[in-house]
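The values are calculated or read from the model by the stated rules, or taken from the named source; none is laboratory data. This is a predicted model, so every value here is computed, not measured. All Cβ positions, even for glycine, are placed from backbone atoms using ideal geometry, and neighbour counts span all protein chains on display.
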Amino acid sequence: MRQAFAIILALPLGLSGCAHAPLERNANRQAPTITDIQFNQVLTNIAMFIENPDTMPFSSPIGTGTTQVVQSGEVDPSLTWQAHKFTMEMLGLKAMQNLQENWTLAPVHEADRLDAMRCAYQQLVTGVTMTEACKNKVLKYTKRPIKGGWFECGRCRDIPRDACYVGHCHKTYVWVLAGDMDELSNFTMAILDIATAIPPSPPMKVVVTEEYKYDKDDKTLKKVIKTTTTEPAKAISGPGGAAPPEEPKQYKNLYNPLGGLINLR
């Protein structure tokens with residue numbers, strides 16, 4: 001009897017000690033979904049631009065994520081006895097395992113990055129060469145080439161069974177076969193570059209000035225060369241990426257003894 005109770009009481013401890021096994025299994029299953037999410041976002045955007053090339057793209061790179069396994073066990077024995085004997089023996093057992101998996105998304109909301117993505121998707125879908133302005137916007141974040149012709153589109157009934165990834169917008173479906181996965185990967189990485197890359201900062205500005213100072217001792221003019229390095233001015237944008245409105249000029253009111261006020265800038 002004592003041995004049976006010892007085994008029962010050890011069950012919760014043994015259950016909690018095995019948490020690493022499901023934790024490792026779930027983490028290994030959750031990690032590959034990052035790729036699936038990014039591929040699905042790209043194909044969904046392509047389907048959107050097939051329906052309307054003037055639409056606006058979306059992108060939500062994965063920020064952080066967690067995998068949790070919570071295990072708990074409970075043993076509730078009870079005995080009831082009278083003067084010389086036990087009348088009732090009860091044993092309650094409870095075990096629970098809770099699995100939680102989540103990703104935290106970081107949606108892109110900067111107009112400049114969304115505009116660069118829009119240029120990339122428009123060239124990919126329409127095949128029209130980018131304008132010089134669009135090309136500069138894309139090259140600001142990524143040097144990867146934008147190539148088309150690696151995806152197929154149609155209705156839901158047209159999707160082949162061997163399609164690796166599928167995205168859709170309304171009734172327009174886009175899919176990729178195994179032979180075109182390399183192009184899908186390259187374009188997805190280009191979109192991730194635009195969404196997350198920090199563009200290089202402009203070079204520092206170096207100003208060289210020459211000054212002449214009079215030397216009292218030698219009674220001559222001496223040339224003094226000064227080199228000053230200044231940081232480039234940061235662009236400040238207002239709502240919607242537009243330049244902020246100029247502040248009204250301030251004028252000083254000076255008193256004119258001849259009569260009235262004179263406004264000087």
Restricting the stretch 119-156 to residues that are touching a residue at least 60 places away in the same chain (Cβ under 8 Å) and under 24 Å from the mean Cα position of the chain (by Cα), the one farthest from C169 (Cα to Cα) turns out to be A120
Failed condition for A116, given (1) assigned to a loop (DSSP other than H, G, I, E, B); (2) modelled with pLDDT of 95 or more; (3) not aromatic (F, W, Y), with all others met? (1)
Residue list for the stretch 210-220, filter: modelled with pLDDT under 70 and either part of a loop (DSSP other than H, G, I, E, B) or not acidic (D, E) (or both): Y212, Y214, K219
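Listed here are the residues, each with its yes/no results for (1) surrounded by 14 or more Cβ atoms within 10 Å (Cβ to Cβ); (2) at pLDDT below 95; (3) of a type in the set (A, V, I, L, M); (4) more than 25 Å from S60 (Cα to Cα).
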site	(1), (2), (3), (4)
K140	yes, yes, no, no
A190	yes, no, yes, no
P200	no, yes, no, no
V208	no, yes, yes, yes
In the stretch 106-134, which residue that is loosely packed, with under 13 Cβ neighbours inside 10 Å and hydrophobic (A, V, I, L, M, F, W, C) is farthest from T196 (Cα to Cα)? V128
Looking at E101, E89, E152, can you tell me which residue is touching a strand residue (DSSP E or B) at 6+ places or on another chain (Cβ under 9 Å) and surrounded by fewer than 12 Cβ atoms within 10 Å (Cβ to Cβ)? E89
